[in-house]
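Each reported figure results from applying straightforward, stated rules to the coordinates on display, with no laboratory input. Keep in mind it's a predicted model, so treat the numbers as computed, not measured. FYI the Cβ positions are ideal-geometry reconstructions off the backbone, even for glycines, and counts take in every protein chain you see.
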Amino acid sequence: MQKTIVLPTQRELQMQQDIEAITANATRKDLIQVLQAVQEKYGYLPQESLRLISKNMGVSRSEVYGVATFYHQFRLDPPGQYVIQVCMGTGCHAKGNADNYEHLKVLLGLKGDQTVTQDKVFSIEAARCFGCCSLAPVVAVTDSTGEYRRVYGSVDQKVLKKIIAEHREKAQNQESEPQRETIVCQRK
């Protein structure tokens, strides 16, 4: 009987190296910081990264998964090219951002608890307060790397359509984006 050996892909080897570097000298109390570092590196927490974190830190997989799913900041699925974050802080919620969130789902063709568009261009998230309540309701758009960010204030359904059209065009043109650009749109 012949044994088959499956060698890891280059991506898997790179992830192993990345996780080893991130978890070197880390202890159980550093788990949240480790998860944050891995998510910053990959844009989300791939399942394989959770296994490697567990192995390297000597923490059970269920504990790693439990922390990753407990905190709102962590993603277990890859985000779209552009992540639309809808602020659900008190001021934004009171000024209609819950309705904006639902309208975005309709505009993007998202059903149920689906958060990433079929073409992987957009994903949406309910977010915590951005700290610019005077501009409520507020929506932020980032790219999946976090290098690009725009914040939009006084958002309504018309502004949401413009945001989607603008970023869909950018995705089609594959423009290189300026880093950390922030633009605030207000109603006239």
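For Lys3, the lysines whose Cα falls under 27 Å of its own Cα, not counting residues fewer than eight places away in the same chain, are Lys55. Distance distribution P(r), region 10-70, all Cα-Cα pairs, bin width 10 angstrom from 0: 24, 64, 12, 0 percent.
What is the distance, in nm, between label points placed 7 Å from the Cα along the Cα-to-Cβ direction at Leu7 and at Ala21? So the label points at Leu7 and Ala21 sit 2.2 nm apart.
Packing, taken as the mean count of other beta carbons within 10 Å per residue, orders the peptides 77-88, 31-42, 10-21 from highest to lowest as 77-88, 31-42, 10-21.
Based on Cα contacts under 8 Å between residues 6+ apart, region 10-70 shows a relative contact order of 35 percent. The calculated FRET efficiency for Arg28 paired with Gln73, based on their beta-carbon distance and R0 = 22 Å, is about 0.70. Between Glu147 and Gln114, the contour length at 0.36 nm per residue exceeds the Cα-Cα span by 9.4 nm.
In straight-distance terms, cross-link reach from Lys162 covers every one of the aspartates and glutamates whose alpha-carbon lies under 20 Å from its own, apart from those fewer than eight places away in the same chain; here that gives Asp99, Glu102, Asp119, Glu125, Asp143, Glu175, Glu177, Glu181. Summary of the geometry: region 1-64 and region 124-148, compared by the centres of their Cα atoms, lie 29 Å apart. Beyond a 23 Å Cα-Cα separation, which of these cross-linked pairs lie in this structure: Lys41/Lys105; Lys95/Lys161; Lys105/Lys158; Lys105/Lys170; Lys111/Lys161? Table pairs above 23 Å Cα-Cα are Lys41/Lys105. To the nearest ten degrees, helix 10-23 and the longest principal axis of the Cα atoms of the chain are 90 degrees apart. For Kirkwood radius over Cα pairs in Å, computed directly from the structure shown, the correct entry in (1) 18.3; (2) 17.3; (3) 20.2 is (1).
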